[in-house]
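What follows is a short report on a single structure.
What follows is calculated from the coordinates using simple rules that are stated; it is not laboratory data. The model shown is predicted, which means the values in this text are computed figures rather than measured ones. No Cβ is skipped: glycine too gets one built from the backbone with ideal geometry, and neighbour counts run over all protein chains shown.
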Amino acid sequence: MTSADLVALIKKQPVASGALIVCIALGGVLYFRSSQIDTDQADYDEKAAHAAKIISNVSAAKNLPEQVQEIQAATKELESRLVRGGQLAINLQYFYKLEAETNVKLIDVRPNAVPKSNGTAYVGIPFSVTVQGSFNQVMLFLNRLENGRHFCRITNTNFNRSSAGGADAVQNGMIVSLNLDLLGQP
């Protein structure tokens, strides 16, 4: 087929010839853009995930004012239960109050050195406490200490049988030495 025959065929079938040229042009564009499809699909997936996250945030934000109030109330309660490291008299008064409530004998209460705050808002304020009493009294003291007004973590405990035989001796008595931390601010 010569070029003259080709020109005659195009003039005889102009619509089909035009459609063939358009198909060849679109096939070339598709071939050269086929590497772009994967990139576009990844971009679409990323934007779809971002849109889903935004929709989730918007639906979760409808209860935001109530949640903020709950967090503020919990923060107030937490702040009221904290121990201040510099308020020695108030901190010791807590242990004396527990002594009166549980009828144990408070032998020794000593605040230990407050650790440095390494960027945290709260630290454990350490104390060494030694009490004497009956088993039930000591257990009541420990229960009140753990479930009391302040957050308490007992780090070391030593139980000994009371060997005192004087007038203050408690029948079936014991001496308990505690190292504990009360959650607070330095």
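Rounded to the nearest 0.05, what FRET efficiency do A100 and N63 have when you use their Cβ-Cβ distance and R0 = 41 Å?
It comes to 0.40.
Run through every distinct alpha carbon pair of the range 83-185 and return the Kirkwood hydrodynamic radius in angstroms, one decimal place.
Result for the range 83-185, one decimal place: 14.2 Å.
Please report Rg (one decimal) and Dmax (integer) in Å for the Cα set of the chain.
Spelled out, the Cα radius of gyration and Dmax of the chain are 39.7, 133 Å.
A8 to D43: FRET efficiency via 1/(1 + (r/R0)^6), r the Cβ-Cβ distance, R0 45 Å, to the nearest 0.05?
Plugging the Cβ-Cβ distance into 1/(1 + (r/R0)^6) gives 0.40.
Report the one residue of H50, Q93, Y122 whose Cα lies farthest in the direction of the positive end of the charge dipole of the chain (charges on C-beta: Lys and Arg +1, Asp and Glu -1; origin at the Cα centre).
Farthest along the dipole direction, towards plus: Q93.
Mean Kyte-Doolittle of at least -0.5 and a Cα length of 27 Å or more along the axis: which whole DSSP H helices of the chain meet both?
Helices passing the filter in the chain: 14-60.
Most exposed first by the Cβ proxy, i.e. fewest other Cβ within 10 Å, how do H50, H150 rank?
With the fewest neighbours first, H50, H150 line up as H50, H150.
Stick to the Cα atoms of the range 3-61, pair each with every other, and give me the Kirkwood hydrodynamic radius in Å at one decimal.
15.5 Å
To the nearest 20 Debye, how big is the dipole of the range 3-61 about its Cα centre, given +1 on the beta carbon of each Lys and Arg and -1 on that of each Asp and Glu?
300 debye
Using Cα-only point scatterers and the Debye equation, what is log10 of I(q)/I(0) for the range 37-118 at each q in 0.24 Å⁻¹, rounded to two decimals?
The Debye formula, applied to the Cα set alone, gives -1.13.
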